[in-house]
Each structure stands twice: as C-alpha cells, then as structure tokens.
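Novice: Here it is: the structure, laid out below.
The values are calculated or read from the model by the stated rules, or taken from the named source; none is laboratory data. Since this is a predicted model, take the numbers as computed values, not measurements. Counting neighbours? That spans all protein chains shown, and the Cβs are built from the backbone with ideal geometry, glycine included.
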Amino acid sequence: MDKNQTEKVNLLIIGSGPAGYTAAIYAARANLKPVLYQGIQPGGQLTITTDVENYPGFPDGIQGPELMVHFEKQAQRMGADIRYGLATKVDLSARPYKVWIDEEKIIEAESIIISTGASAKWLNIESEQRLNGYGVSACAVCDGFFFRGKDVAIVGAGDTAAEEALYLSKLCTNVHMLIRRDEMRASKVMQDRVKNTPNIKIYWNSETDEILGEKTVEAVRIKNNQSGEKVEVPIKGFFVAIGHTPNSDIFKGVIDMDEAGYIKTIPGSSKTNVEGVFAAGDVQDKIYRQAVTAAGSGCMAALDAERYLSEKGIH
Ligand SMILES: Cc1cc2nc3c(=O)[nH]c(=O)nc-3n(C[C@H](O)[C@H](O)[C@H](O)COP(=O)(O)OP(=O)(O)OC[C@H]3O[C@@H](n4cnc5c(N)ncnc54)[C@H](O)[C@@H]3O)c2cc1C
C-alpha cells in the first residue's frame, strides 16, 4: 500500500465489537456506505468468552465468537465495507477529519463513530489465561449466573469489585474476596455493604497465587502477602474486578473524556464535543458494559451520524 494513500468516506466506524457492527448495520441500511476498521480484535471482547446467555434473540444461548460472526455477516450483507486495520492517529481539527490506518493509509471522513471498546485488566498469571471462559471471568453480570449455588472468588478492592461481589453474593453460596492491602478503595457505603453481607468472606493482604483446575476452575490458592501463608479454597468461578481500560488513547487531548479515559457523550445522544464525531459502546460507558447496551448505543450513533450528514447536506 502506498504511504499516505488517501481515501474519502462519509462515515468511518472504528472498532468491530457489538457497538461498531450495529452502527455499521444501521448506517449501511441508511445508505451511508460506512467503512469499518476492525482493529486488533475483530469481533471485540465477546470473542474471548464462551457462553453468552443474556443477548436477546438466542433462547439457547450462543458462543461469544459465533455471535460476533453473526454481527459481522449481517453488517456485510447490508453493504458495510469491513476491513482489517487499526486506527493509529487522528486529526480532528477540521472537516473532513483525518484518520491514519496502520500509520499508512489516511481516511478522510465526514463523520466518525468511535466504538473502540474497553479492555478488562487482568492479573496476567498463566492459569488465568488458560482458564479464561472456563470459570475465569472479568464480568459478574455476564457470568455470575453460571455459578448459582456455588462458591466463587473475586479479586479487587474498588467500587466495581464491591458491586460485583454484592451481585455475586445474591447468586452464589459464598464469595471469597481477595484484597491486596488491609483496606478497600471502594466508597465507605460500598465497603459497609460488603462487610455486612454474611456470605462474602474478605481475605485482607491477600493475592492470587494460582487458580487451580485442569479444564475448569476448581480452587484458588491464596497467598497472604504479609505472612507468606498459602491456603487453597475450592471454588467454581474466579472473577477479576481490577478495572477496565477504555481504548481511547489516540483521541486524548482532542475528544473530551473523564480522568479514566472514558469518552464523554452528551447525555441522551452519542455526540462528543467534536461535531460529527460520535462514540458508542464500552469506550463511553463505564456503568453498564454489556453487549446489548453497546449494540443499542451503536444504533444511536448511526442514527446521530445519519442526521448530522443529512443536515450538512452531505447525504
Ligand atoms: C470475558 C468477557 C465476557 C463477557 N460476557 C458478556 C456476556 O455474556 N454478555 C454481555 O452482554 N456482555 C459480556 N461482556 C461484555 C461485552 O463483551 C462488552 O460490553 C461489549 O463487547 C462492548 O462492545 P463494544 O462494541 O463497545 O467494544 P468491544 O467489544 O470492546 O470491541 C472493541 C473493538 O474496537 C476495536 N478497536 C480498538 N481500538 C481500535 C483502533 N485503534 N482501531 C480500530 N479498531 C479498534 C477492537 O479491535 C474491537 O474490535 C463480556 C466481556 C468480557 C471481557
């Protein structure tokens, strides 16, 4: 490909998770001829999970990667132009906006939908990767249901970890909560709720030494980082709740975001602070973080983009 080869498009969609593909379906059906770049994880976060039981329309559940193949095929069938490639740099100072793909090609876009998602933070131990989707999860709302009436462990000490521990406590027999220090970062109210929940057992100054199990999670070996003492606790599910990183780095300094890097949208819309640039999915949502909410906001972004392009007389 020629360096700095330029192509003009009406609508560029960055990201191929539920938000990006849904935006592509709506935009293609509105004849906006969207071009979508998939990034390094075609299909997004659901491609690293197994059973998805809460996406409506699949009464028997569906595997995450299979669901995302359906999304892609549907977008393609509607006429979206779906491509491999990573957006590496942007210039949003004037329209048409410029987006560099793989530091080579430049897309000049009249409007953009940012649907670059977020990445869960992991502990980065071998057993966590090996058992991911087989008892290891980063989402209690998504996967807690699979462990009804069973024991689970959760790692994390912030508000989200507290919320997820409380969510799990209503489904699971016992929730073993591992906290690295001798205090929690969560707000006082959340801490009190966790501490007053009888089936949440807190392990202070404790870290994950290893998640045990051949094919599925069977136990966790917990290490006390003060005494060095190790204990094995039988569990079926292991939840990592140490935070998420929104994939918004290339927009820093240009698009308004909060201190964690989540893109700010005007409430009730997908509009960002830059005219004609919209955001959808987990990159702008630190509260719900579900495939169905990401898809819903992708639909909003496509409708907002269509109205914007129409008002500008471009479409
Ligand atoms: C293990 C796990 C299990 C889950 N289970 C469920 C579940 O059962 N039910 C449920 O509803 N939700 C579940 N979720 C949450 C769900 O996956 C997310 O809420 C949803 O995928 C968010 O969709 P999104 O489109 O915003 O972004 P993502 O799915 O995060 O996709 C982001 C996309 O952007 C692309 N991208 C990023 N940066 C760039 C760039 N610079 N250029 C081009 N492309 C880029 C990536 O390649 C990717 O395709 C789970 C999440 C995880 C991690």
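Novice: Which residue pairs have Cβ atoms under 9 Å apart, sit 6 or more places apart or on different chains, and have a first residue in the range 115-131 that is of a type in the set (Phe, Trp, Tyr) and a second that is in a helix (DSSP H, G or I) and modelled with pLDDT of 95 or more?
Specialist: Going by the 9 Å Cβ cut-off, the qualifying pairs are Trp122/Glu128.
Novice: Now a separate question. Could you please find all residues in the range 219-252 being touching a residue at least 40 places away in the same chain (Cβ under 8 Å), among the small types (Gly, Ala, Ser) and more than 23 Å from Cys172 (Cβ to Cβ)?
Specialist: Keep residues of the range 219-252 that are touching a residue at least 40 places away in the same chain (Cβ under 8 Å), which gives 220, 222, 225, 233-248, 250-251.
Filter once more, keeping what is among the small types (Gly, Ala, Ser): 237, 241, 243, 248.
If the condition is that a residue be touching a residue at least 40 places away in the same chain (Cβ under 8 Å), among the small types (Gly, Ala, Ser) and more than 23 Å from Cys172 (Cβ to Cβ), then Ser248 is the only one that fits.
Novice: Please tell me if Arg181 is surrounded by 14 or more Cβ atoms within 10 Å (Cβ to Cβ) and either among the basic types (Lys, Arg) or not assigned by TED's automatic domain parsing to the domain that holds Val152 (or both).
Specialist: Spelling it out, it is not the case that Arg181 is surrounded by 14 or more Cβ atoms within 10 Å (Cβ to Cβ) and either among the basic types (Lys, Arg) or not assigned by TED's automatic domain parsing to the domain that holds Val152 (or both).
Novice: Let me ask you something else. Can you go through Gly158, Gly149 and tell me which one is under 22 Å from the mean Cα position of the chain (by Cα) and not assigned by TED's automatic domain parsing to the domain that holds Lys8?
Specialist: Working: Gly149 fails: under 22 Å from the mean Cα position of the chain (by Cα).
Criteria check complete, one pass: Gly158.
Novice: Any idea which of (1) in the same structural domain as Arg180 (by TED's automatic domain parsing); (2) out of contact with any helix residue (DSSP H, G or I) (no Cβ under 9 Å at 6 or more places or on another chain); (3) within 16 Å of the ligand (Cβ to nearest atom) is the one Asp249 doesn't satisfy?
Specialist: The single condition Asp249 does not satisfy is (1).
Novice: Moving on. Would it be correct to say that Glu66 is surrounded by fewer than 18 Cβ atoms within 10 Å (Cβ to Cβ), more than 17 Å from the chain's Cα centre (by Cα), at pLDDT below 95 and within 13 Å of the ligand (Cβ to nearest atom)? Break it down into steps so the answer makes sense when it comes.
Specialist: Details: surrounded by fewer than 18 Cβ atoms within 10 Å (Cβ to Cβ): yes; more than 17 Å from the chain's Cα centre (by Cα): yes; at pLDDT below 95: no; within 13 Å of the ligand (Cβ to nearest atom): yes.
So Glu66 does not fit the description; no.
Novice: How many residues are farther than 19 Å from Lys252 by Cβ and assigned to a helix (DSSP H, G or I) when one looks only at the range 265-298?
Specialist: 8
Novice: Yes or no: the range 249-264 includes at least one residue that is surrounded by 24 or more Cβ atoms within 10 Å (Cβ to Cβ) and in a loop (DSSP other than H, G, I, E, B).
Specialist: Of the range 249-264, the ones surrounded by 24 or more Cβ atoms within 10 Å (Cβ to Cβ) are 251, 263.
Still in the running and in a loop (DSSP other than H, G, I, E, B): none.
Taking every residue of the range 249-264 in turn, none turns out to be surrounded by 24 or more Cβ atoms within 10 Å (Cβ to Cβ) and in a loop (DSSP other than H, G, I, E, B).
Novice: Return the pair list, or none, for Cβ contacts closer than 6 Å from residues in the range 31-52 that are without any contact (Cβ under 8 Å) to a residue 24 or more places away in the chain to residues that are more than 7 Å from the ligand (Cβ to nearest atom), at least 6 apart or on different chains.
Specialist: Once the first residue is without any contact (Cβ under 8 Å) to a residue 24 or more places away in the chain and sits in the range 31-52, its partners that are more than 7 Å from the ligand (Cβ to nearest atom) give Thr47/Pro65; Thr47/Met68.
Novice: Next question, about the same structure. Kindly check whether there is at least one residue in the range 138-152 that is assigned to a strand (DSSP E or B) and farther than 21 Å from Asp282 by Cα. Reasoning before the result, please.
Specialist: Step one: filter the range 138-152 for residues assigned to a strand (DSSP E or B), giving 151-152.
Among the residues that remain, those that are also farther than 21 Å from Asp282 by Cα are: 151-152.
The answer is yes; a qualifying residue exists.
Novice: For the range 265-302, enumerate the residues that are surrounded by fewer than 24 Cβ atoms within 10 Å (Cβ to Cβ), among the hydrophobic types (A, V, I, L, M, F, W, C) and near the ligand (Cβ under 7 Å from one of its atoms).
Specialist: Answer for the range 265-302, where residues must be surrounded by fewer than 24 Cβ atoms within 10 Å (Cβ to Cβ), among the hydrophobic types (A, V, I, L, M, F, W, C) and near the ligand (Cβ under 7 Å from one of its atoms): just Val292.
Novice: Any idea which of (1) within 8 Å of the ligand (Cβ to nearest atom); (2) closer than 30 Å to Tyr97 by Cβ; (3) surrounded by fewer than 19 Cβ atoms within 10 Å (Cβ to Cβ) is the one Lys33 doesn't satisfy?
Specialist: (1)
Novice: Among the residues that make up the range 90-102, is at least one of them touching a Gly at 6+ places or on another chain (Cβ under 9 Å) and within 12 Å of the ligand (Cβ to nearest atom)?
Specialist: yes
Novice: Determine which single condition Gly213 fails, assuming it passes every other condition in (1) under 30 Å from Asn10 (Cβ atoms); (2) touching a residue at least 60 places away in the same chain (Cβ under 8 Å).
Specialist: Unmet for Gly213, out of (1) under 30 Å from Asn10 (Cβ atoms); (2) touching a residue at least 60 places away in the same chain (Cβ under 8 Å): (1).
Novice: Next question, about the same structure. Which residue, of Val254, Val189, Val233, is β-branched (Val, Ile, Thr) and under 30 Å from Asp102 (Cβ atoms)? Break it down into steps so the answer makes sense when it comes.
Specialist: Working: Val189 fails: under 30 Å from Asp102 (Cβ atoms); Val233 fails: under 30 Å from Asp102 (Cβ atoms).
Within the list Val254, Val189, Val233, the selection yields Val254.
Novice: Ok, one more. How about the range 13-30: which of its residues are within 13 Å of the ligand (Cβ to nearest atom) and of a type outside the set (Phe, Trp, Tyr)? I'd like the intermediate steps shown before the answer.
Specialist: We begin by selecting, within the range 13-30, every residue within 13 Å of the ligand (Cβ to nearest atom); these are 13-25.
Hits for the range 13-30 are Ile13, Ile14, Gly15, Ser16, Gly17, Pro18, Ala19, Gly20, Thr22, Ala23, Ala24, Ile25.
Novice: While we're on this one: Go through the range 123-149 and report how many residues are under 23 Å from Pro198 (Cα atoms) and surrounded by fewer than 16 Cβ atoms within 10 Å (Cβ to Cβ).
Specialist: 4
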